[in-house]
Amino acid sequence: MCFHNKVVIISGAAGGIGKATARLFANKGARLVLVDLNAERLEAIRDEFKLAAGRCLISVADVTDEKAVGNYTEKTLEAFGTVDVVFNNAGIVGEANKVQNFTAQSMQQVLQVNVMGVFYGMKYALRAMQPRGQGVIINTGSISGVRGMPETIAYCASKHAILGMTRCAAVENAGTGIRVCAVCPSPVSTSMMTGIEESMAGMGCESQEDVHRRLLGSIPMGRYARPDEVAKAVLFLASEDSSFISGSAIFVDGCFTA
């Protein structure tokens with residue numbers, strides 16, 4: 001899987017999965033466009049990976065802002081001349097609450113980031129890729145895209161939507177040379193997952209440690225995924241090794257959905 005000089009846009013690049021994916025693409029020679037709201041973390045990643053200016057573009061952008069997504073895609077084309085891979089990875093969980101107590105504000109916030117953010121990412125990626133007739137778009141889904149999970153109605157709804165959008169875009173572009181896929185992790189060892197555990201603990205009498213043990217018990221392999229394990233699936237989907245895979249969701253879930 002060689003990505004020498006391939007241009008890769010990663011949203012949510014400052015998070016655990018985003019950073020791990022950026023590291024693997026950088027090691028394979030890719031030119032990176034790192035997108036996130038946290039400029040300090042993006043700069044730290046660029047410095048840690050020792051990426052020269054000609055190999056890395058940082059974009060501090062809100063993926064819920066269509067103009068911002070269009071702008072960083074356009075800046076990518078101006079800087080590198082093409083877009084080969086887009087990893088729409090930015091996402092949030094929202095509050096943990098029963099359906100009847102869930103706030104409309106939290107629902108709207110999660111759908112804006114997870115659904116509209118992915119929609120905008122695909123929209124402008126497709127516009128950038130279509131003139132050349134090639135490219136790969138990968139969206140971050142979840143096991144919550146195929147299963148119902150308690151106290152996470154907004155997150156579950158958003159991840160179900162992502163799989164639907166992925167399949168729709170894949171079918172529409174099946175004859176264009178552009179592939180669209182999703183990667184669907186189970187819980188991953190990241191700060192986001194720690195926050196989810198804490199929110200779930202706040203809903204009842206369990207401690208965060210008890211929630212952690214209970215969630216681990218639901219995964220047949222008995223542990224959370226590592227960020228790099230998800231990142232490796234992303235690289236596979238972006239590579240020529242998966243040239244006949246489009247519209248598919250790859251589950252990195254320790255046998256959770258088996």
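Quick look at the values:
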{"quantity": "Ranked list, fewest to most other Cβ atoms within 10 Å of each Cβ, for 212, 4", "calculated": "4, 212"}
{"quantity": "Per-residue [θ]222 nm for the chain (sum of -39500 (n - 2.57) over DSSP H runs n ≥ 4, rounded to 500)", "calculated": "-13500 deg cm²/dmol"}
{"quantity": "Top of 111, 215, 235 by mean-square fluctuation, Gaussian network on the chain, Cα under 10 Å", "calculated": "215"}
{"quantity": "19 Å Cα-Cα reach of residue 6 towards aspartates and glutamates, excluding residues that sit fewer than 8 places from it in its own chain", "calculated": "74, 78, 84, 240, 241"}
{"quantity": "Neighbourhood net charge (11 Å Cβ-Cβ; Lys/Arg +1, Asp/Glu -1) for residue 188", "calculated": "-1"}
{"quantity": "Order of 3, 87 - criterion: other Cβ atoms within 10 Å of each residue's Cβ, fewest first", "calculated": "3, 87"}
{"quantity": "Sequence of 126, 34 once ranked by neighbouring C-beta atoms within 10 Å, starting from the fewest", "calculated": "126, 34"}
{"quantity": "Computed over the chain: relative contact order in percent, which uses C-alpha pairs under 8 Å that are six or more apart", "calculated": "20 percent"}
{"quantity": "Choice from 110, 230, 99 showing the highest fluctuation, given a GNM over the chain with Cα pairs closer than 10 Å", "calculated": "99"}
{"quantity": "Under 23 Å, Cα to Cα: Lys pairs in segment 7-252, sequence gap 8 or more or different chains", "calculated": "16"}
{"quantity": "Solution diffusion estimate, µm²/s, Stokes-Einstein, segment 7-252, Kirkwood Rh from C-alpha pairs, 10 °C, viscosity 1.306 mPa s", "calculated": "87 µm²/s"}
{"quantity": "Residue among 136, 146, 63 with the largest mean-square fluctuation in a Gaussian network model of the chain, springs linking Cα atoms under 10 Å", "calculated": "146"}
{"quantity": "Span-like helix ranges in the chain, DSSP H, alpha carbon extent 27 angstrom or more, Kyte mean at least -0.5", "calculated": "153-172"}
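Every number here is computed from the coordinates shown, using simple stated rules; none is lab data. Quick caveat, the model's predicted, so the values are computed rather than measured. Glycine gets a Cβ as well: all are built from the backbone with ideal geometry, and neighbour counts include every protein chain shown.
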